[in-house]
Amino acid sequence: MALFFDQEWFDAKLKAKDRTRDDVAAALRLSREQVDEVFKDQRELSPNHVTMLARLIEEPITEVVSRAGIATPAPAPKAPGDSAAVLAKLDEMEQRLVRMERAIADLQSLILATRPLG
């Protein structure tokens, strides 16, 4: 693990991907000055920034963390059951939506049935 931010490594990775620090700023939603502070080891990256930077330079998150300085936090790994829980929640929401659509259709029928003709 690097003690300080390895700006030479990051600059080389950016250059290899035909990217610039301006691209880093846009990806991390930081100003160029803030990105320069990161590269000078004067500003810390958040776990989300680490993930975004790894995607930008197409390197593993672990490598980015190891090169970004000793204080750089690694993003929390996703729990193995996360996707199953999300799919279950989506299924539940879909079922609720179907029930709501049926209820709305029933209410519309009742409203139309109680309207006077003519």
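The values are calculated or read from the model by the stated rules, or taken from the named source; none is laboratory data. All of these numbers come straight from a predicted model, not from anything done at the bench. FYI the Cβ positions are ideal-geometry reconstructions off the backbone, even for glycines, and counts take in every protein chain you see. Keep in mind that these areas ignore ligands, DNA and RNA; they rest on the heavy atoms of the full protein, side chains included. Shrake-Rupley method; radii C 1.70, N 1.55, O 1.52, S 1.80 Å.
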Completion exercise
Filter the range 56-89 for residues that are modelled with pLDDT of 90 or more and part of a loop (DSSP other than H, G, I, E, B); the one that is least open to solvent (accessible area, probe 1.4 Å) is Glu59
Practice task
Have a look at Glu37, Glu92, Glu101 and point out the one that is at pLDDT below 90 and not in a loop (DSSP other than H, G, I, E, B).
Solution key: Glu92
Exercise for the section: State yes or no: is Leu53 aliphatic (A, V, I, L, M), part of a loop (DSSP other than H, G, I, E, B) and crowded, with 16+ Cβ neighbours inside 10 Å? Expected result: no
Fill in the blank from the handout: Checking Leu3, Leu14 in turn, the sole residue that is open to solvent by 70 Å² or more (accessible area, probe 1.4 Å), in contact (Cβ under 8 Å) with a residue 12 or more places away in the chain and aliphatic (A, V, I, L, M) turns out to be Leu3
